[in-house]
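Chemist: Dumping the structure here so I can ask a few things about it.
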Amino acid sequence: MLEDVNVLYKIASLYYEGGNTQDEIARKVAMSRPMVSRALEKARSIGIVTISVVPPRRFKELSTEISERLGIRDVVIAPSSSTTGIDKRDRLIDIAESASRYLEREIKTGMNVGIGWGSTVYETVLHLNQIPERKRHMPRIVPLMGSIGSTLAEYQESVIVNQAATKLASTAYYYNVPMLTLRTDEELEQIKRTYIEIHEIWKNLDMAVFGLGSFSNIKNYPMNSFTPGEYEYLVSNGVVGDILARFFNKDGYVEPFGCRFRFAGISLEALNNALNRVCICGGSDKVIPLIHAARNKLFDTLITDFKTVNEINAYLSQEEKT
């Protein structure tokens, strides 16, 4: 009976348009209530029923206002909640839920997608729903950088890429190279030849997905790999944050310094050429770096939460008064 689209359409119409309960429908179509429930699920899965959630007008207004004030393409605002009671964790989950829906919607057949690491990106791929299998031209998902020496899954590019590719019915590519390396130019060229396919995909990205780090006195990765002199160089250049471990200040990316390490990952030229650079980020400590990164055109689309958007708005308004 559940293979009969006429029956599925009738049940869906009674429920979504007629306002009938599942018990009422069961009596009308001589079917058990569990069978009605399965019929509604089947109607959704094959496209007889499509459900859309429309953001409140205030969200649309804020999205337009902030994107125009920052000079970026789009701002996707996640509704704020208090699921755990821990502000940082709540914001992370809120952003991840909205970001995962965005990726499910925007990553299409045949696209080249690069993805970074970090707690927000990692949480986003964990929230992805399984989309239907693609019959051909699967998207290609590649890491945007090499691996780092951390035991945390949120910093493991292979873990993140594999999870995203599995959920999005895509092909995963892996780049098994340390992100910060002491290799010579010749050795880096050899790595490039080994991973030539990934380097070619980097040059032709439809979308790059990454987080944004705020620069602080807490020397987490990659700052904890630097000498005091290297760290002071960043401080003296007014660094406020990083994208994919590339540091920036109010004027844009900071020029390379006399660091012992070389960066193994996508070049800034290739990153800037991506058709849509999506920054997934939120939190009070990210407001200033987000503003500077947006003004310097370091990303095109921002996915953040309602609280962070209001903090950005307040900062910009205060800035205009001074």
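Just so it is clear, none of the values below were taken in a lab; they were calculated from the coordinates. Not measured: the values here are computed from a predicted model. Please note: Cβ atoms are built from the backbone with ideal geometry, for glycine as well, and neighbour counts cover all protein chains shown.
Chemist: Using the Cα gyration tensor of the stretch 65-168, with a ≥ b ≥ c the square roots of its eigenvalues, what is the shape: rounded (a/c below 1.5), prolate (a/b larger than b/c) or oblate (neither)? Numbers along the way, then the final one.
Modeler: Details: a/c = 1.58, a/b = 1.20, b/c = 1.31.
Oblate shape, in that a/c is at least 1.5 and b/c is the bigger or equal ratio.
Chemist: What FRET efficiency comes out for Asn6 versus Arg136 if R0 is 22 angstrom and r is the Cβ-Cβ distance? Round to the nearest 0.05.
Modeler: Details: r = 31 Å, r/R0 = 1.39.
It comes to 0.10.
Chemist: Quick one: Phe248, Phe226, fewest Cβ neighbours within 10 Å first, how do they rank? Intermediate values should be presented prior to the final figure.
Modeler: Values: Phe248 22, Phe226 18.
Least crowded to most crowded, the residues run Phe226, Phe248.
Chemist: Provide the gained length on full extension for the span Asp87 to Arg57, in nm with one decimal, where the gain is 0.36 nm per separating residue minus the Cα-Cα distance. Write down the numbers at each step before the final one.
Modeler: Values: separation 30, 0.36 × 30 = 10.80 nm, distance 2.48 nm.
Between Asp87 and Arg57, full extension yields an extra 8.3 nm.
Chemist: May I pose another question? Over the alpha carbons of the chain, what is the largest minus smallest coordinate on each principal axis, giving the biggest first in Å?
Modeler: Answer, in whole Å and largest first: 77, 54, 32 Å.
Chemist: Please give the calculated 222 nm ellipticity per residue for the chain, where each DSSP H segment of at least 4 residues contributes -39500 (n - 2.57) and the sum is spread over every residue; nearest 500 deg cm²/dmol?
Modeler: Numbers: 13 runs with 138 residues, N = 322.
It lands at -13000 deg cm²/dmol.
Chemist: Quick one: Thr109, Thr50, fewest Cβ neighbours within 10 Å first, how do they rank? Walk me through the intermediate numbers first.
Modeler: Details: Thr109 12, Thr50 7.
Least crowded to most crowded, the residues run Thr50, Thr109.
Chemist: Can you put Val278, Val254 in order, fewest other beta carbons within 10 Å first?
Modeler: Working: Val278 27, Val254 17.
The most exposed by this proxy come first: Val254, Val278.
Chemist: Any idea how far the Cα center of the stretch 132-195 sits from the one of the stretch 53-96, in Å?
Modeler: Going from one Cα centre to the other spans 29 Å.
Chemist: Also: For the pairs Lys42/Lys167; Lys108/Lys203; Lys88/Lys108; Lys108/Lys307; Lys203/Lys297, flag any whose C-alpha to C-alpha distance is greater than 24 Å.
Modeler: Among Lys42/Lys167; Lys108/Lys203; Lys88/Lys108; Lys108/Lys307; Lys203/Lys297, the Cα-Cα distance tops 24 Å for Lys88/Lys108; Lys108/Lys307.
Chemist: What distance in nm lies between label points placed 7 Å from Cα along the C-beta direction at Asn204 and Ser37?
Modeler: 4.8 nm
Chemist: Have a look at Tyr102, Tyr174, Tyr15 and tell me which one the Gaussian network model of the chain (Cα, springs below 10 Å) gives the largest fluctuation.
Modeler: It is Tyr15.
Chemist: Suppose the chain between Arg27 and Ser317 were pulled fully straight at 0.36 nm per residue; how much longer would it get relative to their current alpha carbon spacing? Walk me through the numbers on the way to the answer.
Modeler: Numbers: separation 290, 0.36 × 290 = 104.40 nm, distance 5.90 nm.
Extra length available between Arg27 and Ser317 comes to 98.5 nm.
Chemist: Then there is this: Under 8 Å for C-alpha pairs, at least 6 residues apart: give me the relative contact order for the chain, rounded to a whole percent. Write out the running numbers ahead of the final one.
Modeler: Numbers: 512 pairs, mean separation 60.5, N = 322.
Contact order relative to length: 19 percent.
Chemist: Packing-wise, with mean Cβ within 10 Å as the measure, how do 114-120, 175-181, 142-148, 84-90 rank, highest first? Before the final figure, lay out each step's value.
Modeler: Details: 114-120: 24.9, 175-181: 18.7, 142-148: 22.6, 84-90: 12.1.
The most tightly packed comes first, giving 114-120, 142-148, 175-181, 84-90.
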